[in-house]
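In what follows, a structure is listed as structure tokens, so that the remarks can point back to it.
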Amino acid sequence: MRLPVTILLVFGLVAGCATRSPHESVAPTPPARRDAVALPLPPMPDDGYTWQDLAQHAIAANPDHAAILADARAEYFRYKSRTDLQDPRLSLDYTSRDPGTDRYNGNLRFYIPNPFVDKHVLRTGDAAQRGIAAGADVLEREIAQVIYALVQEALSEERMEAVLYRRERVLSHWADHLKLRQDARVATRADVLALDLQRLRLKAAIQQKHLAMQAALRSLHVLTQIPDGLLHLDQRTPDWPIVLDTLADEQRLIEDAFARSPELAVARAAYDKARASLDTAKARQIPWFEYVQTGYGARDTSGPDTDEWRLRLAINIPVFAWMSSEKKVATAAMEAALLREEGIRQRIRNEITTCLADLRETLDLRNDYHAAFNAIPEPNNETTPDVETYYKLSDARLSAYEYTHQIEYRCILIYGQLLNILGGFMRN
């Protein structure tokens, strides 16, 4: 008579010992330490690192990128935990009524999962995971854009420094020539001082270019965690005719940008999440079993012992689920996601059209100026016998070359904006 009750008691004690109390403190596992020097350096090509190489290494060295992916996995399991099986519930009770009349009851309840709801909850978790993971793609683009700008700034400042240094050498020779003319009483002291002031301004400009280049390189060192002395940049510039050929089909570029856009991926994930939430709300309107319960009762009396087994099956009747606002919330979220996606598509389309037009116009200006610049012959001692005229023409030509370089740099910056919109590490 009392043997089944004893078995239930033992089972309850064992289950209680094997289950951790919700109030019991658990020491958190410390996160794995990320050591910058432990990151492997990317193999440097013979021509030096391209901005794509440095961007990939900067992404790998950024802990925020890995944290976003970890958050995405945690978000999925946060939803999946809602579909986990519930622990069985064991209840025991003892009743003593009249003297000599004792009653023992034991019940074991098993909760039944709802597959109609659970499958949509898992869909919601998958969409939530994709939405958060798309944030990692957004971060990748931001890092790539910063790396591209720093690399191009370092290369541009280095080239401009070389041009300014050539101008300074020309002015230095011109200053020596003016001093000789001053000694011969052909040039005045004011001419020499004016040229010295011009050289001083030029030296200051050279120093500023050098400092700007060093600042860009230091930022690259910090972002990529490549030690100083090992960071050598690829000096190649874009081949603009090939670039224009790849950008000829504007509609294809727009479609590719749509497929790669992380912002669109976030909007799609938000729509899928709202759609899954709507299906979850509809699934809750379907009646389903809540739990099955088995029980045993025994009564100890002065007469013959009596015992009984019981079986109970509970069904959830969704009466108020039909009037729930959950479906309205999901429907509004779906509409908002669709509107947000359309807005992102319109913005991407406008940005690509604008960048392509700016790039083509700037490249046309660059080509026209290059043609006009190359049409003017470089001065030499044979074509320019006057020494003073030779120095003036050489300095004017190098000064004009600075403007040529500025146009080239503007083309590179516009191209970088276009690369960021298109998304993806495109090889130049």
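Since every read-out is calculated from the coordinates, none of them should be taken as a lab result. Note that the structure is predicted; figures quoted are calculated from it, not measured. Every residue, glycine as well, gets a Cβ built from its backbone with ideal geometry; the counts of neighbours run over all protein chains shown.
Full extension of the chain between Ala372 and Ser324 gives 9.9 nm of extra length, using 0.36 nm per residue less the Cα-Cα distance. Can you compute the label reach from Val186? Point 7 Å from Cα along the Cβ direction, backbone N cut-off under 15 Å, restricted to the range 386-412. Only 386-392 fall inside the zone, counting backbone N under 15 Å. Between the residues Ser91, Pro377, Gln251, the greatest Cα displacement towards the positive end of the dipole of the chain, with unit charges on the Cβ of Lys, Arg, Asp and Glu, is found for Ser91.
Amide H contacts under 5 Å for His232: Tyr49, restricted to partners 5 or more places along the chain or on a different chain, H placed in the peptide plane at 1.01 Å from N. Normalising the average separation of contacting C-alpha pairs (under 8 angstrom, six or more residues apart) by the number of residues puts the relative contact order of the range 312-428 at 33 percent. Ordering 397-407, 218-228, 142-152 by mean Cβ neighbour count within 10 Å, with the highest value first, yields 142-152, 218-228, 397-407. Across the range 222-266, Cα-Cα pairs more than 17 Å apart make up 63 percent of the total.
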